Amino acid sequence: MLHDEAFIIGEFPRTIDDRFRLSLPNELLEPLAKDAAELVLVKERRGCLSAWNPKVWEARWQGGIDLIRQKMRLGRLEGRIQHVQRFGRLLSSRYRTVALAQRGRLVIPEGFREFLAVEPGGEVMVVGAAVCVELWHPQQWRSYLENQMPKFTALFQQLSE
């Protein structure tokens with residue numbers, strides 16, 4: 001669900017402490033959390049997690065999940081049970097709700113730590129991605145930028161037409 005709220009943008013280096021805690025910058029936290037006491041942490045791609053406002057995440061996914069459930073009830077996915085199982089497995093491990101502590105601090109849960117591949121004391125790039133905040137392994141972030149930055153002008157033109 002996209003809405004006309006302010007974009008969440010900015011790029012900030014942060015360090016994960018020895019207990020896998022990370023403080024989100026206020027510039028990104030305010031539009032993301034909107035007084036929420038928790039966020040939804042999502043595995044996006046190797047070396048990248050995203051953090052979502054719970055209400056935005058719920059609105060984004062619930063309609064699709066409800067449609068899949070309805071198709072199952074109506075027998076429309078009978079020959080595709082292996083696809084439903086694969087979807088369920090990935091959905092089960094894809095996201096998790098995490099508490100926000102004081103000063104916008106969150107703990108990166110086990111399983112998500114390995115996916116992000118940053119050790120305690122390591123640097124993470126915290127990046128605003130318009131509708132969510134992303135946590136990147138620095139090397140993965142640099143690779144992503146090198147690949148995508150030359151395409152920025154065309155993307156901007158496509159979205160703004």
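List of remarks:
- Residues (assigned to a helix (DSSP H, G or I) and surrounded by 12 or more Cβ atoms within 10 Å (Cβ to Cβ)) located in the stretch 96-131: Gly104, Phe112, Arg113, Phe115, Leu116
- The set of residues in the stretch 58-103 being of a type outside the set (A, V, I, L, M), under 25 Å from Ile8 (Cα atoms) and at pLDDT below 90 consists of Glu58, Arg60, Trp61, Gln62, Gly63, Gly64, Gln102, Arg103.
- Of the residues screened, Val107 is one that is within 22 Å of Lys55 (Cβ to Cβ) and in contact (Cβ under 8 Å) with a residue 60 or more places away in the chain.
- Of the listed requirements (1) surrounded by fewer than 19 Cβ atoms within 10 Å (Cβ to Cβ); (2) within 19 Å of the chain's Cα centre (by Cα); (3) β-branched (Val, Ile, Thr), Thr153 misses just one: (2).
- Put simply, of Ala37, Ala33 the only residue that is within 19 Å of Ala129 (Cα to Cα) and not aromatic (Phe, Trp, Tyr) is Ala33.
- Here Leu159 passes the criteria (1) surrounded by 14 or more Cβ atoms within 10 Å (Cβ to Cβ); (2) over 18 Å from the mean Cα position of the chain (by Cα); (3) hydrophobic (A, V, I, L, M, F, W, C) except the one numbered (1).
- When residues in the stretch 132-145 are screened for being under 20 Å from Ile108 (Cβ atoms) and either acidic (Asp, Glu) or not in a loop (DSSP other than H, G, I, E, B) (or both), 9 of them pass.
- Against the criterion of being more than 24 Å from Phe115 (Cα to Cα), acidic (Asp, Glu) and over 13 Å from the mean Cα position of the chain (by Cα), Asp35 qualifies.
- Test: residue in the stretch 129-142 that is free of Cβ contacts under 8 Å to residues at least 40 places away in the same chain, of a type outside the set (A, V, I, L, M, F, W, C) and closer than 19 Å to Ile16 by Cβ: yes
The values are calculated or read from the model by the stated rules, or taken from the named source; none is laboratory data. Being a predicted model, the structure only gives us computed values, none of them experimental. All Cβ positions, even for glycine, are placed from backbone atoms using ideal geometry, and neighbour counts span all protein chains on display.
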